[in-house]
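Peer 1: Before I ask anything, let me first share the structure, which is written out below as structure tokens.
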Amino acid sequence: GLYLMNIYGLSEASGLSTWVPYGDTPDHVEKSVGLPMPHCELAILDPKTGERLPPGVEGEICTKEVFPGSQHMKGYYKQPDLTKETIRDGWLHSGDLGYMDEDGYVYLTGRVKEMFTVGGFNVSPPEIENFLLKHPKIENVAVVGVPDKRLGEVGAAFIKLKSGQKASEEEVINFCKGKIADIKVPRYVFFVNEFPLNPQGKIQKFKLREKAIKELGLEEG
């Protein structure tokens with residue numbers, strides 16, 4: 001029969017860094033990207049301080065070579081500043097958010113650059129998006145952080161409804177209240193027919209953020 005295996009990696013680290021071993025538990029296959037592969041060390045580091053974080057705490061997924069020169073790129077072509085920002089103290093900073101459990105399995109939760117801060121608390125958009133996708137009328141959703149004078153940032157949800165469905169901003173917000181933390185409930189809701197996509201088909205969230213700021217008349221910083 002067909003066997004599905006979750007893996008994780010990035011080009012800067014020569015492809016694969018984790019894998020779910022053949023025959024592992026269905027729970028690990030479904031939810032995690034597996035264990036670090038033998039050729040690399042993997043850690044979850046605090047995006048701001050670089051401190052190694054304990055199991056269960058979300059941070060940036062970073063890798064270090066077990067054998068120097070065997071996995072990491074030498075650098076970005078003619079971009080030394082970006083190279084120094086990406087590889088620091090031997091750790092390659094992926095830009096991906098995740099956590100590691102007590103057994104060493106890695107779980108992806110989002111992107112560092114997409115994370116926003118509400119009243120001093122970090123909020124990761126995928127958690128809100130995955131919750132909103134449970135709404136029977138919603139086909140797709142993207143959440144971004146936008147400026148707020150009191151809290152620093154708040155969430156704005158861009159929603160594409162399923163064909164023939166209608167919903168209000170209030171309905172979406174009420175769907176979230178009491179079921180996810182207050183800081184994660186979107187302050188604003190926009191309904192769209194399509195999302196701006198990059199050539200790889202990924203939603204360009206920076207364009208959504210710019211659209212929200214413009215339409216709401218918000219100011220940066």
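The values are calculated or read from the model by the stated rules, or taken from the named source; none is laboratory data. For clarity, every value in this text was computed on a predicted model and none was experimentally measured. Please note: Cβ atoms are built from the backbone with ideal geometry, for glycine as well, and neighbour counts cover all protein chains shown. Keep in mind that these areas ignore ligands, DNA and RNA; they rest on the heavy atoms of the full protein, side chains included. Shrake-Rupley method; radii C 1.70, N 1.55, O 1.52, S 1.80 Å.
Peer 1: Can you name the residue in the stretch 111-153 that is open to solvent by 40 Å² or more (accessible area, probe 1.4 Å) and in a helix (DSSP H, G or I) and, of all such residues, is nearest to A167 (Cα to Cα)?
Peer 2: The qualifying residue nearest to A167 (Cα to Cα) is N130.
Peer 1: To continue, here is another question. Do you know which residues across the stretch 179-203 are open to solvent by 80 Å² or more (accessible area, probe 1.4 Å) and within 20 Å of L151 (Cα to Cα)?
Peer 2: Filtering the stretch 179-203 down to residues open to solvent by 80 Å² or more (accessible area, probe 1.4 Å) leaves 179, 182, 187, 191, 193-194, 197, 199-200, 202.
D182, R187 - these are the residues of the stretch 179-203 that are open to solvent by 80 Å² or more (accessible area, probe 1.4 Å) and within 20 Å of L151 (Cα to Cα).
Peer 1: Ok, one more. Return a yes/no flag: does the stretch 182-199 have any residue that is out of contact with any helix residue (DSSP H, G or I) (no Cβ under 6 Å at 6 or more places or on another chain), in contact (Cβ under 8 Å) with a residue 24 or more places away in the chain, of a type in the set (A, V, I, L, M, F, W, C) and part of a strand (DSSP E or B). Working first, answer last.
Peer 2: We begin by selecting, within the stretch 182-199, every residue out of contact with any helix residue (DSSP H, G or I) (no Cβ under 6 Å at 6 or more places or on another chain); these are 182-183, 186-188, 190-195, 197-199.
Next, from what is left, pick out any that are in contact (Cβ under 8 Å) with a residue 24 or more places away in the chain: 183, 186-188, 190-195.
So of that shortlist, the ones also of a type in the set (A, V, I, L, M, F, W, C) come out as 183, 190-192, 195.
Now drop any that are not part of a strand (DSSP E or B), which leaves 190-191.
Checked the stretch 182-199: at least one residue is out of contact with any helix residue (DSSP H, G or I) (no Cβ under 6 Å at 6 or more places or on another chain), in contact (Cβ under 8 Å) with a residue 24 or more places away in the chain, of a type in the set (A, V, I, L, M, F, W, C) and part of a strand (DSSP E or B).
Peer 1: Something else about it: When K162 is evaluated against the numbered criteria (1) surrounded by fewer than 18 Cβ atoms within 10 Å (Cβ to Cβ); (2) farther than 23 Å from Q204 by Cβ, which criterion, by number, is the only one it fails?
Peer 2: Checking K162 against (1) surrounded by fewer than 18 Cβ atoms within 10 Å (Cβ to Cβ); (2) farther than 23 Å from Q204 by Cβ, the one that fails is (2).
Peer 1: While we're looking at this one, here's another question. Quick test for you: out of L53, L92, pick the one residue that is touching a strand residue (DSSP E or B) at 6+ places or on another chain (Cβ under 6 Å), open to solvent by 20 Å² or more (accessible area, probe 1.4 Å) and modelled with pLDDT of 95 or more. Give the steps one after another, and end with the answer.
Peer 2: Details: L92 fails: open to solvent by 20 Å² or more (accessible area, probe 1.4 Å).
Result: L53 is the single residue among L53, L92 that is touching a strand residue (DSSP E or B) at 6+ places or on another chain (Cβ under 6 Å), open to solvent by 20 Å² or more (accessible area, probe 1.4 Å) and modelled with pLDDT of 95 or more.
Peer 1: Additional query: From the list T63, T83, T49, which residue is of a type outside the set (A, V, I, L, M, F, W, C) and within 23 Å of P125 (Cβ to Cβ)?
Peer 2: On the way: T63 fails: within 23 Å of P125 (Cβ to Cβ); T83 fails: within 23 Å of P125 (Cβ to Cβ).
That would be T49, the only listed residue that is of a type outside the set (A, V, I, L, M, F, W, C) and within 23 Å of P125 (Cβ to Cβ).
Peer 1: I would also like to ask the following. Take F67 and decide whether it is over 19 Å from N6 (Cβ atoms), open to solvent by 70 Å² or more (accessible area, probe 1.4 Å) and not hydroxyl-bearing (S, T, Y).
Peer 2: The answer is yes for F67.
Peer 1: Being of a type in the set (F, W, Y) and either open to solvent by less than 30 Å² (accessible area, probe 1.4 Å) or at pLDDT 95 or above (or both): is that true of F206 here? Walk me through how you get there before you give the answer.
Peer 2: Values: of a type in the set (F, W, Y): yes; either open to solvent by less than 30 Å² (accessible area, probe 1.4 Å) or at pLDDT 95 or above (or both): no.
Judged against the criteria, F206 is not a match.
Peer 1: Hey, can you tell me all the residues within the stretch 1-49 that are among the polar types (S, T, N, Q) and either touching a Leu at 6+ places or on another chain (Cβ under 7 Å) or open to solvent by less than 30 Å² (accessible area, probe 1.4 Å) (or both)?
Peer 2: Correct list: S17, T18, S32.
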